[in-house]
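Asker: Provided herewith is a single structure, encoded as structure tokens, for subsequent inquiry.
The values are calculated or read from the model by the stated rules, or taken from the named source; none is laboratory data. Keep in mind that what you see is a predicted model, and the values were worked out from it rather than measured. Glycine also receives a Cβ, built like all others from the backbone with ideal geometry; neighbour counts cover every protein chain displayed.
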Amino acid sequence: MHDNAAALLRVLAATLVGRAAISLGTISAVNVKALLAGLDITSSLIVASGNDSLIRKLSAEAPEDLRFAVHVQSLAEFLDDIAAHRFGLALVTEEGLPLVSRALDMLEVGGIIIGLGRVGCFPEDPRFESVALDVDGLCWLATRRQNVRPTRRRRAPKPHA
């Protein structure tokens with residue numbers, strides 16, 4: 001990930017005062033550093049992956065920080081374990097893409113989800129406002145709406161007699 005994407009991650013992380021960010025799939029140490037640079041002291045970053053070797057590499061390269069935790073577990077099992085939690089920011093890698101709908105359900109209202117790398121397009125979901133981007137390989141991002149308004153049908157005006 002290059003300077004523009006790292007700067008975007010840092011700015012988005014800065015919006016998470018007192019909230020948590022989660023990465024479904026392993027992200028680079030550069031991404032971790034950018035996110036931690038934006039997070040305040042009361043926020044946290046969790047990276048979950050079933051790929052033990054990538055997690056070991058990330059753990060060795062990423063800075064030691066109390067706000068940062070890694071979990072080696074299948075992503076489906078991990079999401080089952082933390083089902084009651086809500087997140088202000090979710091990052092989805094190719095590894096986490098099959099579970100993106102579950103990640104959407106765990107996102108707080110006003111939360112942001114980011115597809116990192118070329119992981120495909122954001123699924124159509126009326127709960128979210130989304131945009132496809134190409135910021136150094138960042139594919140899409142979306143924010144969860146407060147609510148979804150039902151479509152109102154207007155009646156045709158009555159003709160005047």
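Asker: Quick check on my filter: what residues within region 68-120 are free of Cβ contacts under 8 Å to residues at least 12 places away in the same chain and part of a loop (DSSP other than H, G, I, E, B)?
Answerer: Selection gives ALA84 alone.
Asker: Oh, and also: Of the numbered conditions (1) over 20 Å from LEU133 (Cα atoms); (2) part of a helix (DSSP H, G or I), ASN4 fails exactly one; give the number of that condition.
Answerer: Among (1) over 20 Å from LEU133 (Cα atoms); (2) part of a helix (DSSP H, G or I), ASN4 violates only (1).
Asker: Same structure, new question: Which count do you get for residues in region 71-98 that are among the β-branched types (Val, Ile, Thr) and modelled with pLDDT of 90 or more?
Answerer: Matching residues across region 71-98 total 2.
Asker: Next up: Just to be sure I understand, how many residues within region 108-126 are at pLDDT 75 or above and either acidic (Asp, Glu) or surrounded by 15 or more Cβ atoms within 10 Å (Cβ to Cβ) (or both)? It would help to see each step written out before you state the result.
Answerer: Restricting attention to region 108-126, the residues satisfying the condition of being at pLDDT 75 or above are 108-116, 126.
Imposing the further condition that a residue be either acidic (Asp, Glu) or surrounded by 15 or more Cβ atoms within 10 Å (Cβ to Cβ) (or both) reduces the set to 108, 111-116.
Total satisfying the criteria: 7.
Asker: With respect to ILE55, is the statement that it is in contact with a Lys or Arg (Cβ under 9 Å, 6 or more places away or on another chain) and either closer than 24 Å to ASP3 by Cβ or of a type in the set (Val, Ile, Thr) (or both) true?
Answerer: For ILE55, the condition - in contact with a Lys or Arg (Cβ under 9 Å, 6 or more places away or on another chain) and either closer than 24 Å to ASP3 by Cβ or of a type in the set (Val, Ile, Thr) (or both) - is not met.
Asker: Okay, moving on. How do the pairs read when you match residues in region 35-49 that are over 21 Å from ASN4 (Cα atoms) with residues anywhere that are among the acidic types (Asp, Glu), using Cβ under 9 Å and keeping only pairs 6 or more apart or on different chains?
Answerer: Sorted first by the residue in region 35-49, then by its partner, the pairs are SER49/GLU95.
Asker: Also, I was wondering about something else. Specify which of the listed residues (ASP105, ASP136) is surrounded by fewer than 19 Cβ atoms within 10 Å (Cβ to Cβ) and either modelled with pLDDT of 75 or more or within 20 Å of ARG19 (Cα to Cα) (or both).
Answerer: From the options ASP105, ASP136, the qualifying one is ASP105.
Asker: For residues that are crowded, with 22+ Cβ neighbours inside 10 Å and either in a loop (DSSP other than H, G, I, E, B) or among the hydrophobic types (A, V, I, L, M, F, W, C) (or both), tally how many sit in region 33-61.
Answerer: Matching residues across region 33-61 total 6.
Asker: Take the conditions within 24 Å of SER74 (Cα to Cα) and over 14 Å from the mean Cα position of the chain (by Cα) and apply them to ASN31. Does it pass?
Answerer: No: the conditions fail for ASN31.
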